[in-house]
1. For ALA128, are the conditions met, namely being in contact with a Leu (Cβ under 6 Å, 6 or more places away or on another chain), among the hydrophobic types (A, V, I, L, M, F, W, C) and within 21 Å of LEU85 (Cβ to Cβ)?
2. Is it the case, given these coordinates, that VAL112 is farther than 22 Å from ILE35 by Cα and buried (at least 19 other Cβ atoms within 10 Å of the Cβ)?
3. Could you say which residue among ARG130, ARG117 is touching a Phe, Trp or Tyr at 6+ places or on another chain (Cβ under 9 Å), within 30 Å of ALA43 (Cα to Cα) and assigned by TED's automatic domain parsing to the domain that holds VAL78?
4. Could you check region 88-103 and list, in sequence order, the residues that are closer than 13 Å to ILE47 by Cα, without any contact (Cβ under 8 Å) to a residue 60 or more places away in the chain and touching a helix residue (DSSP H, G or I) at 6+ places or on another chain (Cβ under 8 Å)?
5. If you take the residues in region 69-93 that are hydrophobic (A, V, I, L, M, F, W, C) and within 27 Å of LEU167 (Cβ to Cβ), which one is farthest from the chain's Cα centre (by Cα)?
6. Would region 195-203 turn up any residue that is among the β-branched types (Val, Ile, Thr), surrounded by fewer than 19 Cβ atoms within 10 Å (Cβ to Cβ), farther than 30 Å from THR39 by Cβ and out of contact with any His (no Cβ under 7 Å at 6 or more places or on another chain)?
7. Does ILE161 satisfy the condition of being under 22 Å from SER36 (Cα atoms) and either over 17 Å from the mean Cα position of the chain (by Cα) or outside the structural domain of THR37 (by TED's automatic domain parsing) (or both)?
8. Without any contact (Cβ under 8 Å) to a residue 40 or more places away in the chain and assigned to a helix (DSSP H, G or I): does that describe LEU210?
Amino acid sequence: MKGKSKLENKQAKISSRNVALAVIRHNSTQDQQSISTETALKAANKIVKVAEKAKINWALAGGLAMHFYGFTRATKDVDLVASGLLNLPSVMSLSFGGETYEVKVGRKTIKVDWIVRADFFREFYENALRDCLEDEKGLRYLTPEWMVILKYIAGRGKDQIDLMWLLQQTDLVDRQLVCKLMIEVLGDKGAALPVRELERLFAQADLNKLRDE
């Protein structure tokens, strides 16, 4: 039994190493490497010039917007919310509405998800675009309140992490406004459950912040 156990342990070790090497190879490709804020912004600037000429509204979202709010998590692409599609060749169509384009920045090819929602959540994204912020350089960003709502809607692991980080930042998110905007889209009855869930997340964020301090 001891010999068999050692053999099994050796096989398990080899298997684990092979898996690790496979993951390394996968993440070593250009498509899998994270990009800097500077590179992502250059890609965004290139594509929004096309949008400006076509009079299409847009705003930075996703990981790049999170970078500007101060949370520099790794991101591999650029996300923008927009009012219409661009007259550019696309890599693929987004299942919920929009297209993925590619932009060259130096030697890198950056994927840009150009989000034009065409599903149940369309009104949320249209209102988020309506309320976007614009800085002195002409860059537009989704507000922290709409970022929280859209992260809540998306519900993926990284979205939940982003959402909790936003809620833990002092004075960044107007929580009452988050609930008001949710009601604005869904009505009092439709928003009742989401608002309760958001209030639970507000409390969790406060608890997490207290623990961190």
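1. Values: in contact with a Leu (Cβ under 6 Å, 6 or more places away or on another chain): yes; among the hydrophobic types (A, V, I, L, M, F, W, C): yes; within 21 Å of LEU85 (Cβ to Cβ): yes.
Judged against the criteria, ALA128 is a match.
2. Details: farther than 22 Å from ILE35 by Cα: no; buried (at least 19 other Cβ atoms within 10 Å of the Cβ): yes.
Judged against the criteria, VAL112 is not a match.
3. Working: ARG130 fails: touching a Phe, Trp or Tyr at 6+ places or on another chain (Cβ under 9 Å).
The conditions single out ARG117.
4. Kept after step one, since they are closer than 13 Å to ILE47 by Cα, are these residues of region 88-103: 88-90, 99-103.
Cutting the leftovers down to without any contact (Cβ under 8 Å) to a residue 60 or more places away in the chain gives us 88-90, 99-102.
Result: LEU88, TYR101.
5. From region 69-93, those hydrophobic (A, V, I, L, M, F, W, C) are 71, 74, 78, 80-82, 85-86, 88, 91-92; that's our starting set.
This time we only want the ones that are within 27 Å of LEU167 (Cβ to Cβ), so: 71, 74, 78, 80-82.
Values: PHE71: 12, ALA74: 11, VAL78: 9, LEU80: 9, VAL81: 11, ALA82: 14 Å.
Taking the candidates together, the pick is ALA82.
6. Just the residues of region 195-203 that are among the β-branched types (Val, Ile, Thr), to begin with: 195.
Add one more test, that the residue is surrounded by fewer than 19 Cβ atoms within 10 Å (Cβ to Cβ), and what stays is 195.
Among the residues that remain, those that are also farther than 30 Å from THR39 by Cβ are: 195.
Next, from what is left, pick out any that are out of contact with any His (no Cβ under 7 Å at 6 or more places or on another chain): 195.
Yes, some residue in region 195-203 is among the β-branched types (Val, Ile, Thr), surrounded by fewer than 19 Cβ atoms within 10 Å (Cβ to Cβ), farther than 30 Å from THR39 by Cβ and out of contact with any His (no Cβ under 7 Å at 6 or more places or on another chain).
7. Numbers: under 22 Å from SER36 (Cα atoms): yes; either over 17 Å from the mean Cα position of the chain (by Cα) or outside the structural domain of THR37 (by TED's automatic domain parsing) (or both): yes.
Answer is yes for this residue.
8. Numbers: without any contact (Cβ under 8 Å) to a residue 40 or more places away in the chain: yes; assigned to a helix (DSSP H, G or I): yes.
It is true that LEU210 is without any contact (Cβ under 8 Å) to a residue 40 or more places away in the chain and assigned to a helix (DSSP H, G or I).
The values are calculated or read from the model by the stated rules, or taken from the named source; none is laboratory data. Note that the structure is a prediction, hence the values are computed from the model and not measured. When we count neighbours, we look across all protein chains shown, and the Cβ atoms used for this are built from the backbone with ideal geometry, even at glycine.
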